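Peer 1: Take this structure, written in structure tokens, and hold onto it; I'll ask about it next.
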Amino acid sequence: MRIQCESIAAILILLFLCIPLAKTTAAAAAERAAERHVMVREQIAARGVKDPATLKALKQVPRHLFVPASQSGYAYEDRPLPIGHGQTISQPFIVAYMTEIIHPGPGRKILEIGTGSGYQAAVLAATGAQVFTIEIIPQLAAAAAARLQRLGYRNLVSKAADGYYGWAEHAPFDAIVVTAAAEFVPPPLIEQLAEDGLMVIPVGTPYLVQSLLLVQRRGDTLSSTNLMPVRFVPFRRAE
Amino acid sequence: MNKAAFCNRRHLALILVSAALLAFQIALLQLLATSQWHHFAYFVISVAMLGFGAAGSLLSLARDWLLARQEQLLPLLLCGCALTLVAPLGMAQLLFGGFDSLLLFVAASEALRLVAVALLLMLPFALGALAIGLVFVAETERIGSYYCANLLGSGLGSILGLAGLAWLLPQRLSPLFALLVLAAAALLLPRQRRLLQAALFGGLLLVGFVLFQPPSPLLSQYKDLRRALDLPAAKTLAQRPAATGQIQVVQAPALRSAAGISLNWRGELPSRPAVFVNGDLFGALPPGTMENNPRDAATFALPYALHTPHRVLVLNAATGLDLAQALGRGAVAVTAVEPQRAVTATLRDIAPHSFGALLDDPRVNWQSMAARTWLARDRDSYDLVILPTLGSFGGSAGLFALQEQPLLTREALQQTWQRLQPEGMLAMSVWLDYPLRAPLRLLATLVETLHEEGIAAPAERIIAVRGWGTLTFCVLRSAPDAALLARARQFAARWGFDPLLLPDLGPAERQRFHRLQDDALLELFDILLGSSRSELYRDYPFRIAPVSDDRPFFAQFLRWGSLPELISLYGQRSLPFLELGLLVAALAALVLSLLAGLLILLPLLRLPGGGGRRLTLLYFGGLGIGYMWVELALIHRFVLYLGQPVYAAALVVGVLLVGSGIGSALSGRLDGRRIGRWSGSVACALVLLALLLGPLLQATLQLPLGLRVGVAVLLLTPLAMLMGTPFPLGLRRLGQLRPQEVAWAWGINGCMSVVSAALATLVAVEVGFSLLLLFSAVAYLLPAGVRLEERVQSQPHGRII
């Protein structure tokens, strides 16, 4: 009887704790919605991103909660921002472009390498796709996992690991998004790409100008397309 | 204390403090190159000169007050100098959270950080220089011998700094140099001054503490080394000091190397330790086995697909990746040339079974010398010569714009071409960049080389394949046959690469596997191979014409005149990320020039006007500019000759300073009235040197290193002695005519040295080192036209600023 009482108390406490959390999440979605709509209209749609699922996802995901508090004021500006450890949260347009090009949506299984702040993963998840995301820097991985959990993304799984190996247990993937540049495309990722799978990956010096590369698999034949130059550098110092 | 003993102590103290300051400058140079980038070399020189100039200004303003208290002030200033020698980097990082040059153009606050860091780093130089200047001004009649001690000390300091870097990490050196300054302070300590003795003891304690607890330099978060160390389970396998740059070998499970590997590769890519020099990636260790080498699945393997070369020459072999590939692909004799001796020794120690085994392979002839020196001396010929891969993954954004790359000049490629067998080939790879620059300049250099070798149709001799990120050229000494072209196509198809240049290439073949964003690369390549390439050199927004030995800045693509066009194309904020190196140097030059104006010239406006000040400005300003430019131009000329930039810098700076010191000591015997003719003689000697140096060095390049050092010393010493005379003669004369201007003259000299050091590389990039040497002769002509005493009467109230 005593155990039951304790359990009930524990549940009540948890529920009590969840009320403000749910409020926070709901409030987060509404918070700064106007800025997000402007961002989508002026920075993303105006530059040619047309996929409705992508645009909707970008309007939903509260980008300002994915940047350090000191950067929150710049969250909806047309620029990448530093998140520490030499990493950045990409410019909104780049996130949108990388999302649109792999056609995410319900029923699609997507692997992301380089969780960073978790923003790209959240946008992919917001399209309804099943998302698996990997981050190599443990501190970033832990912070992103906590953030994504707090914001209630259910169709998203994350882990701290070396992205080189991909996530073999969940392979093959319809698409792979690599957000961290490397001087080679990891062979295990190519093996985990489904037939007709797509991989989008920035290639170039991590803090300078990079080129966005789309790798396509058609059976055993692999080809690539240089999509556009991109820059993942911060305009501000990480605080 | 008798007068002679007093003077001897002052001379010795001057030698010690001058040596410590110059040695510290060299250590600081490596520290900043490690935590930031190498273009801060110029920044350090200017900051040091700024300290000297600011001290001169203060000395001018408060001359009488300082002179009256010199006995107490000298040891105090030197104690302060010692303390700031050990603290500035730590202070800079503590107070400002680490300066980051990559943010300079995107955050205005970063420029303020640059100013703050410059001021902090200037402190030890300013305090030390104030002590030196006080000694000069106190006894202008002995200026020649004091100046001699100052220069001798600096000359010794250059050797001490380099020797120190060979044995200890730079952060461990500054407390040792501080001890030298404290020793100088002890020499000048007056008796029965308890307070001063306590200050010295306190300084000693603090320096001793830092000696055992040196602060670690904070690396920019964008440095290659920092990113490797941030990886989980990363550990440093070795950290070794070296005069050519500190070496670190890092291992992490996620650290792998397979640059540019084909998408079709399905083998393992095991993690491999990476080697960093001054925080920049130098290369990965080669695989232990030559079987199943991932490098065979990159465009770099193209030459082996065309032929099986028996005799191979690998230039700038670095960690031996190309060497391992050549051996794995059947070469029977490989000569590998690598100038970084210390890296070779480190890798041999820590990787005896991979790198060490490569060096011990009986087929390998490993030569530790600069590639150009080897090319000039070698008489063998090869089936394949491999030059190092150019640029970096995604382009280097001009980070190395100010780095001399003597292996990428027209002259270098001509020398390389001469080393090929009749059926031989030259192989060179480059990372694709955006906007296109490095591949274009490389092809332009190859095309011009072939034209100069009498090959009318270069397109028939160049084969190139392109992967998703890299591009490899093979330049053939003989025209290829159909079988060879078929092998090139097979190689490309096997690994999913696209042929980019083949004599019989069809348009459909060029983008089969890797589609480009647009056809610019293909079109520009076609123009470079055609007859209108000169127009392209002229009209392209970046500099892509081949570079020469006189201006060996291959990675300097920025054309100042194209800035408005580039800004409109890419946006103002993007520009630094395309061409960072030169812009950082220009900005640093601007900041330092402003600081020089603020700290040196502006305070001097408070001095009462005197008619001769314009002449003093011309005389001592000209000397400041001339000396600095001679030094930098000569370092460049001796890099090729001695084979190592660091040897060249040490030898030129050391000989010029010691020689000038001797000249200065001898100047006491010269007629101090007609001082202009001495700087005129320097100008003549410089013109003569500009004409004769090239042929003289070329004629003696075959000599062993020891003899080449001897030749260099013989050539430079008379010039250095001559260069040492105008400054002390001028100061002595000024002391007789207008003693209140002595310190001011010293300040002007310092100010012009700041500006000229900051500008020297920018000038060299624009006009070349030969003209820089001639410009320095012109700078020496300014003092030649000045007679300090005559104009005093004719322009008694002239203002100079």
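Peer 1: How much of the DSSP beta bridge set in the protein assembly as shown is antiparallel, as a percent to the nearest 5? Spell out each step's value before the answer.
Peer 2: On the way: 49 of 86 bridges.
Around 55 percent antiparallel, to the nearest 5.
Peer 1: Expressed as a rounded percentage, what relative contact order does chain B have, with Cα pairs under 8 Å and six or more residues apart? Don't skip to the answer; put the middle values down first.
Peer 2: Working: 1509 pairs, mean separation 133.3, N = 801.
It comes to 17 percent, rounded to a whole number.
Peer 1: Cα-Cα over 25 Å: which of A:Lys50/A:Lys109; A:Lys56/A:Lys109; A:Lys50/A:Lys159; A:Lys109/B:Lys223? Write down the numbers at each step before the final one.
Peer 2: Working: A:Lys50/A:Lys109 21 Å; A:Lys56/A:Lys109 19 Å; A:Lys50/A:Lys159 31 Å; A:Lys109/B:Lys223 35 Å.
As for pairs spanning more than 25 Å Cα to Cα, those are A:Lys50/A:Lys159; A:Lys109/B:Lys223.
Peer 1: Under a point-charge model restricted to the Cβ atoms of Lys and Arg (+1) and Asp and Glu (-1), what is the dipole moment magnitude of chain B relative to its Cα centre, in debye to the nearest 20? Kindly include the intermediate steps, with their values, before the conclusion.
Peer 2: Working: 62 positive and 48 negative charges, 514 e Å.
Using Cβ point charges on Lys, Arg, Asp and Glu, chain B gives about 2460 debye.
Peer 1: Then there's this: Once the convex hull of the alpha carbons of the range B:276-561 is built, what does its volume come to per residue, in cubic angstrom?
Peer 2: 128 Å³
Peer 1: Now for a different question. Could you work out what % of the accessible surface of the protein assembly as shown is carbon and sulfur, using a 1.4 angstrom probe and leaving DNA, RNA and ligands out of the count?
Peer 2: Looking at the protein assembly as shown in its full context, I get 61 percent from C and S.
Peer 1: So for B:Asp378, B:Asp671, B:Asp539, B:Asp280, what's the accessible-area order with a 1.4 Å probe, most first? It would help to have the intermediate numbers written out before the result.
Peer 2: Values: B:Asp378 10, B:Asp671 55, B:Asp539 95, B:Asp280 30 Å².
Ranked list, largest accessible area first: B:Asp539, B:Asp671, B:Asp280, B:Asp378.
Peer 1: Report, in order of residue number, the helices in chain B meeting two criteria: a C-alpha extent of 15 Å or more along the helix axis, and a mean Kyte-Doolittle hydropathy of at least 1.6; treat each whole DSSP H run as one helix. Write out the running numbers ahead of the final one.
Peer 2: Working: long enough: B:3-35 (47 Å, 1.24); B:40-61 (31 Å, 1.85); B:70-86 (24 Å, 1.44); B:108-138 (43 Å, 2.14); B:143-167 (35 Å, 1.12); B:170-187 (26 Å, 1.49); B:194-212 (27 Å, 1.99); B:438-452 (21 Å, 0.61); B:482-495 (20 Å, 0.24); B:580-596 (23 Å, 2.74); B:613-642 (42 Å, 0.99); B:645-666 (31 Å, 1.90); B:676-700 (34 Å, 1.38); B:705-723 (26 Å, 2.05); B:726-737 (16 Å, 0.12); B:742-767 (35 Å, 1.56); B:769-784 (23 Å, 2.09).
Helices meeting the span and hydropathy rule in chain B are B:40-61, B:108-138, B:194-212, B:580-596, B:645-666, B:705-723, B:769-784.
Peer 1: Using a 1.4 angstrom probe, figure out how much accessible area chain B has per residue, in square angstrom, rounded to the nearest whole.
Peer 2: On the way: 28700 Å² over 801 residues.
I get 36 Å² per residue for chain B.
Peer 1: Over the range B:607-801, calculate the relative contact order: mean separation of alpha carbon pairs under 8 Å at least 6 apart, over the residue count, as a percent.
Peer 2: The value is 51 percent.
Peer 1: Moving on to the next point. Can you list residues whose amide H is under 5 Å from A:Val230's amide H, if they're 5+ apart or on another chain and H is modeled 1.01 Å from N?
Peer 2: A:Gln210, A:Ser211, A:Leu212
Peer 1: So what is the relative contact order for the range A:32-231, in percent, with contacts set as C-alpha pairs under 8 Å and at least six apart? Write down the numbers at each step before the final one.
Peer 2: Numbers: 395 pairs, mean separation 28.6, N = 200.
Contact order relative to length: 14 percent.
Peer 1: Give me the three principal axis extents of the range A:32-231 from the C-alpha atoms, as integers in angstrom, largest value leading.
Peer 2: Cα extents, longest axis first: 46, 35, 34 Å.
Peer 1: A further question follows. What's the longest bit of chain B with no exposed GluC sites (Glu not before Pro), using DSSP loop states and at most 12 other Cβ atoms within 10 Å as the test?
Peer 2: Numbers: sites that count: B:Glu268, B:Glu291.
Longest stretch, sites excluded: B:292-801.
Peer 1: Summing Lys, Arg as +1 and Asp, Glu as -1, what charge do residues with Cβ under 10 Å from the Cβ of A:Ile113 carry, A:Ile113 excluded? Intermediate values should be presented prior to the final figure.
Peer 2: Details: positive: none; negative: A:Glu112, A:Glu135, A:Asp162.
Within the 10 Å Cβ shell, the charges total -3.
Peer 1: Still on this structure, please answer the following. Restricting attention to the alpha-carbon atoms of the protein assembly as shown, what are Rg (one decimal) and Dmax (integer), both in Å?
Peer 2: Here Rg and the maximum Cα pair distance are 31.6, 112 Å.
Peer 1: On to the next question. Let me confirm one metric for peptide A:215-223, namely the mean number of other chain beta-carbon atoms within 10 Å of its residues' beta-carbons. Can you show the working numbers first?
Peer 2: Details: counts 3, 2, 1, 0, 0, 1, 4, 7, 9.
Other-chain Cβ atoms within 10 Å of each residue's Cβ, averaged: 3.
Peer 1: Now, a different point. Select from the range B:147-251 those trypsin sites (Lys or Arg not before Pro) which occupy a DSSP coil region and have at most 16 other Cβ atoms within 10 Å, ordered by residue number. Walk me through the numbers before you get to the answer.
Peer 2: Values: sites: B:Arg172, B:Arg191, B:Arg193, B:Arg194, B:Lys223, B:Arg226, B:Arg227, B:Lys235; in loops: B:Arg191, B:Arg193, B:Lys223.
Listed in order of number, the matching sites are B:Arg191, B:Arg193.
Peer 1: For B:Cys684 and B:Leu705 in one chain, what is 0.36 nm times their gap in residues minus the Cα-Cα distance, to one decimal in nm? Working shown, then result.
Peer 2: Values: separation 21, 0.36 × 21 = 7.56 nm, distance 2.91 nm.
Stretched fully, the B:Cys684-B:Leu705 segment lengthens by 4.6 nm.
Peer 1: Then there is this: Report, in debye and to the nearest 20, how large the dipole of the protein assembly as shown comes out about its Cα centre when Lys and Arg carry +1 and Asp and Glu carry -1 on their Cβ. Walk me through the numbers before you get to the answer.
Peer 2: Values: 84 positive and 67 negative charges, 608 e Å.
Approximately 2920 debye in magnitude.
Peer 1: Here's a follow-up. Grab the other residues whose beta carbon is less than 12 angstrom from that of B:Leu255, score K and R as +1, D and E as -1, and report the net. Could the numbers behind the result be given before it?
Peer 2: Details: positive: B:Arg227, B:Lys235, B:Arg256, B:Arg272; negative: A:Asp162, A:Glu183, B:Asp224, B:Asp230.
With Lys, Arg at +1 and Asp, Glu at -1, the net is 0.
Peer 1: Still on this structure, please answer the following. Using modelled backbone amide H atoms (1.01 Å from N, in-plane), which distant-in-sequence or interchain residues come within less than 5 Å of B:Ala336's amide H?
Peer 2: B:Val314, B:Asn365, B:Trp366, B:Gln367
Peer 1: By the scheme Lys and Arg +1, Asp and Glu -1, what is the net charge of all other residues having a beta-carbon under 12 Å from that of A:Leu65? Don't jump to the answer; show the numbers that get you there.
Peer 2: On the way: positive: A:Arg32, A:Arg36, A:Arg63, A:Arg147, A:Arg150; negative: A:Glu31.
Local charge sum for A:Leu65: +4.
Peer 1: Could I ask something else about it? Where the only charges are on Cβ atoms (+1 Lys, Arg; -1 Asp, Glu), what is the dipole of the range B:1-218 about its Cα centre, to the nearest 20 debye? All intermediate terms of the calculation are to be shown ahead of the outcome.
Peer 2: Numbers: 11 positive and 6 negative charges, 126 e Å.
For the range B:1-218, the charge dipole is close to 600 debye.
Peer 1: Can you put B:Trp678, B:Trp629 in order of accessible area, largest first, using a 1.4 Å probe? Walk me through the numbers on the way to the answer.
Peer 2: Details: B:Trp678 60, B:Trp629 35 Å².
Largest accessible area first, the list is B:Trp678, B:Trp629.
Peer 1: May I ask for the accessible area buried between chains A and B, both sides summed, probe 1.4 Å, to the nearest 100 Å²?
Peer 2: Working: alone 11900 and 30640 Å², together 38560 Å².
Summing both chains' loss of accessible area gives about 4000 Å².
The values are calculated or read from the model by the stated rules, or taken from the named source; none is laboratory data. Here the structure is a predicted model, which is why all the values come from computation and not from measurement. Glycine also receives a Cβ, built like all others from the backbone with ideal geometry; neighbour counts cover every protein chain displayed. The protein model used for the area step is the full one, side chains on, heavy atoms only, and it has no ligands, DNA or RNA in it. Shrake-Rupley method; radii C 1.70, N 1.55, O 1.52, S 1.80 Å.
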